[in-house]
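Asks: Before I ask anything, let me first share the structure, which is written out below as structure tokens.
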Amino acid sequence: MAGAKLDAIKQAAPAVLPSLLQCDFGDLKTEIARLSEAGTQVLHLDVMDGHFVPNLTIGPPVVEAVRRSTDLPLDVHLMIEAPERYVEAYVGAGADRLGVHAETCPHLQRSVAQIREAGAQACVVLNPSTPPEAVEWVLGDVDQVLVMTVNAGFGGQKFIASMLPKIETLRGWIDERGLEVSIEVDGGIGVETIARAARAGADVFVAGTAVFGAPDRGEAIAALRRAAEVPVE
Ligand code: DX5
Ligand code: ZN
């Protein structure tokens, strides 16, 4: 079962997930091997459709090619309209966890149930202007909530600090209800912002520029992980 791979990662929290958005897609195999050697626990893949977001990226065949290149768990972030049309295709291609934007799902509970039925962990993604209440009544049906700390669509944008109270609110609800739901953040993550997001209650961190823009990817991932280790009070 796809989810099992991700359960093992939980023991090693916090997790830093390199986003493949800025990799050399002409040499995917080498890029993935390098990331794996650099200590990657999970890979983050950004799927964009040119409609929900202006940018256009990869489809199921590329996810499938990544799947064939590595045993690492794949965290697939769908930034597409009507994602319910493609859930089975992406899980079939090898997604271990599939994220759908709340803004694209009028029947969000049905969509997350569909992801679990297809055999992957379910994640709901919230764009910056979407309130935490959008996911409040399906928290018991998901494995992860992804709080976007930039507007979805591009790498290299600036971290939006006003998202920190949203993370705190979600962490409060999850802990109060005793749920096993991780909180992922994506957008503008670096050593300074990762520490703030971790203190607010996030435990899974996506990093594009902070990994691909660094001279040594292994050192960059290790430094991010160290910065995310919140001291127990
Ligand atoms: C943006 C994507 C991100 C992106 C992050 O819409 O969801 O995963 O790759 O890139 P950075 O870390 O550069 O903000
Ligand atoms: Zn992403």
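Asks: Output the number of residues of the stretch 48-79 satisfying the condition of being crowded, with 24+ Cβ neighbours inside 10 Å and closer than 18 Å to G187 by Cβ.
Replies: 5
Asks: State all residues of the stretch 135-158 that are in contact (Cβ under 8 Å) with a residue 40 or more places away in the chain, in contact with a Lys or Arg (Cβ under 9 Å, 6 or more places away or on another chain) and open to solvent by 20 Å² or more (accessible area, probe 1.4 Å); if no residue qualifies, say none.
Replies: Correct list: D143 only.
Asks: Oh, and also: I'm checking my understanding of the structure. Among residues of the stretch 123-134 that are away from ligand 2 (no atom under 16 Å from the Cβ) and either under 25 Å from D71 (Cα atoms) or in a helix (DSSP H, G or I) (or both), which one is least open to solvent (accessible area, probe 1.4 Å)?
Replies: By that ranking, first place goes to A134.
Asks: Take the residues in the stretch 141-162 that are in contact with a helix residue (DSSP H, G or I) (Cβ under 6 Å, 6 or more places away or on another chain) and more than 16 Å from ligand 2 (Cβ to nearest atom); name whichever of them is farthest from C23 (Cα to Cα).
Replies: Going through the qualifying residues, I end up with D141.
Asks: State all residues of the stretch 7-47 that are more than 15 Å from ligand 1 (Cβ to nearest atom), surrounded by 13 or more Cβ atoms within 10 Å (Cβ to Cβ) and of a type in the set (A, V, I, L, M, F, W, C); if no residue qualifies, say none.
Replies: Hits for the stretch 7-47 are I9, A13, L28, I32, A33, A38.
Asks: Exactly one of these conditions fails for N127: (1) touching a residue at least 24 places away in the same chain (Cβ under 8 Å); (2) under 18 Å from P60 (Cα atoms). Give me its number.
Replies: With (1) touching a residue at least 24 places away in the same chain (Cβ under 8 Å); (2) under 18 Å from P60 (Cα atoms) applied to N127, the lone miss is (2).
Asks: With a cut-off of at least 1 residues that are among the basic types (K, R), name the helices (runs of 4 or more DSSP H) lying wholly within the stretch 1-109. Spell out how you get there, then give the answer.
Replies: Values: elements: 2-10, 28-37, 60-69, 87-93.
Output list reads 2-10, 28-37, 60-69.
Asks: If we keep just the residues of the stretch 44-64 that are in contact with a helix residue (DSSP H, G or I) (Cβ under 6 Å, 6 or more places away or on another chain) and aliphatic (A, V, I, L, M), which is farthest from R217 (Cα to Cα)?
Replies: In this case the residue turns out to be V63.
Asks: On to the next question. Is it true that D186 is under 21 Å from H77 (Cα atoms) and charged (D, E, K, R)?
Replies: It is true that D186 is under 21 Å from H77 (Cα atoms) and charged (D, E, K, R).
Asks: Scan T169, T209, T193 and give me the residue that is of a type in the set (S, T, N, Q) and touching a Pro at 6+ places or on another chain (Cβ under 9 Å).
Replies: T169
The values are calculated or read from the model by the stated rules, or taken from the named source; none is laboratory data. Given the structure is predicted, the values throughout are model-derived calculations rather than measurements. Backbone-built Cβ (ideal geometry, glycine too); neighbour counts: all protein chains shown. All accessible areas refer to the heavy atoms of the entire protein, side chains included, with ligands and DNA or RNA removed. Shrake-Rupley method; radii C 1.70, N 1.55, O 1.52, S 1.80 Å.
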